[in-house]
Amino acid sequence: MDTTKAITTPAEVAAFTLPEGRQKARRAVKSKHGAGLSLEVRAGKSIKLWMYRFNLGGQQREMMLGSHPAMTLKRAREKHAAAAELVKKGLDPRKQRASEKATNLAAWTMQDAFDRWIEHYQHALGRNQQPPTAKTVSQQRGRWRRHLAPRLADFYVRDVSRRLLIDVLEQASSKAKVEARHSLNLMRQLLRYCQKREQIDVNPTDGLTPADIAASASAPRKRHLSLPELRQLWQAIDDARADSVRKAATSVLSIPVANALKMLILTGCRRGEVVFMRWNEVNKTEWTIPAERTKSRRQHKVYLCPLALELLAEQRQLAAGEFVFTSTQSNGKPLHPDSLSTTVARLQGRARKEHDETAPLYHLEHFTTHDLRRSFATQATEMLMADPLLVEMMLAHAPPKLMGTYNRAARWKSQVDVWQRWGETVASRVASDPGSNVVALRGGLA
């Protein structure tokens, strides 16, 4: 083999070996980007080194571009081109590479980013001023592991493009559309976290929608409970309710949980608004929820009917701290919103993977705590004939743009009227036997 002739093909790269009796040898490599590129072999080494020798400031210098076979001839020529371009500008490519290496050391891979974010996420307070549950954190870890990590984990955050994300999420969508939507939301939060920590300048998920990745949008739920169904729920709560202050057992509800569920029915409020209700927010028959605890970020006022006030009277005897509905498992702390959801699922026999067909409400069509809010809205508009826009105000929904300057306080009396009539309806047809004229309020105080 003629070792003086420059290498031009991958076959010649593979065939170049150390001449007998030599410890090291080099052979020039032809490159359209100029001279200086060579391939080096050494005794006892199976790999070959791509070397670049250049002149800078009147001095000969050299650097290693990479090794063969990990770096191909084509890639070596590309590296040579980049280095030669820097030399033309009077820059030392060795220092440039050192700078890039330092940048890479400070840069996060997507796996690094997820590990940092999930640690932050599991302790961050949400709108309800509570961290996510262990179940929610576990679900996020599962989504990352199943749908995202296989393709994204080894990428630097800065190298994740919008196109790559769409490809990954579309692949997830082909297997599970709902999970793909949740995965998009995970990536949006994760990359926003990276953006705030200056790993990226622009979040590639900005403006990306479920439709863009062929994922399903959240289907609006329509489930609401009829008065007979609400009656069955109220009765099931009473039947499972503890007779004294004690922790809830498998088939026993603590008094705070039972009363909080009833407050959901009476007010139409969100579960987080109810469980974090404070005594200083209540003034006679009015409950004012501060803006920081409402989804719309607007202060919201709720009228408390007589039946709601009786629930509070009982809670006043039980709760010594600032919260109305305190947990029986931790002194002075409020109930967790999930406690209400778990209770409703248990009453329906759906709290576990294996359903309990003996549960008191198993025969009813599945419903959630949020469906109680929809039940209030539906009954108020359909049975009590309340103005739908008025009910929207009562639910603390953000007003339409055309109503942004409307005097919402002007309709407070109308809202009170609806809450009063709804409270009377619940007292006569839900909290007691509709066929009886006697209103039975278990645990109620005059």
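Can you confirm whether S296 is over 20 Å from S226 (Cα atoms), outside any helix (DSSP H, G or I) and within 27 Å of the chain's Cα centre (by Cα)? Let's see the steps before the verdict.
Values: over 20 Å from S226 (Cα atoms): yes; outside any helix (DSSP H, G or I): yes; within 27 Å of the chain's Cα centre (by Cα): yes.
So S296 fits the description; yes.
Take the residues of region 231-269 that are charged (D, E, K, R) and either surrounded by 23 or more Cβ atoms within 10 Å (Cβ to Cβ) or under 24 Å from S432 (Cα atoms) (or both): which is modelled with the lowest pLDDT? Steps first, answer last, please.
The initial filter retains those residues of region 231-269 that are charged (D, E, K, R), namely 231, 238-239, 241, 243, 246-247, 262.
Right, trim to either surrounded by 23 or more Cβ atoms within 10 Å (Cβ to Cβ) or under 24 Å from S432 (Cα atoms) (or both) and you get 231, 238-239, 241, 243, 262.
Details: R231: 96, D238: 93, D239: 91, R241: 86, D243: 66, K262: 97.
Within region 231-269, the match that is modelled with the lowest pLDDT is D243.
Looking at this structure, is A351 in contact with a helix residue (DSSP H, G or I) (Cβ under 6 Å, 6 or more places away or on another chain) and over 24 Å from I255 (Cα atoms)? Walk me through it before giving the result.
Details: in contact with a helix residue (DSSP H, G or I) (Cβ under 6 Å, 6 or more places away or on another chain): yes; over 24 Å from I255 (Cα atoms): no.
So A351 does not fit the description; no.
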- Task: Could you give me the residue pairs with C-beta distances under 9 Å whose first residue belongs to region 370-383 and is within 12 Å of E229 (Cβ to Cβ) and touching a residue at least 40 places away in the same chain (Cβ under 8 Å), whose second residue is of a type in the set (A, V, I, L, M, F, W, C) and in a loop (DSSP other than H, G, I, E, B) wherever it lies, and which are 6+ apart or on separate chains?
- Result: D371/L225; L372/L225; S375/L225; S375/F367; T378/L225; Q379/L225
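In the set H68, H33, which member is within 21 Å of K5 (Cα to Cα), in contact with a Lys or Arg (Cβ under 6 Å, 6 or more places away or on another chain) and of a type outside the set (D, E, K, R)? Before you say what the answer is, go through the steps one by one.
Values: H33 fails: in contact with a Lys or Arg (Cβ under 6 Å, 6 or more places away or on another chain).
On inspection, the qualifying residue turns out to be H68.
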- So G349 clears everything in (1) of a type outside the set (A, V, I, L, M, F, W, C); (2) in contact with a Gly (Cβ under 6 Å, 6 or more places away or on another chain); (3) on the phi > 0 side of the Ramachandran plot except one condition, right? Which one? (2)
- Item | helices (runs of 4 or more DSSP H) lying entirely in region 300-390 (those with 3 or more residues that are modelled with pLDDT of 95 or more and buried (at least 18 other Cβ atoms within 10 Å of the Cβ)) | 306-318, 369-382
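The values are calculated or read from the model by the stated rules, or taken from the named source; none is laboratory data. What you see is a predicted model; the values in this text were computed from it and never measured. No Cβ is skipped: glycine too gets one built from the backbone with ideal geometry, and neighbour counts run over all protein chains shown.
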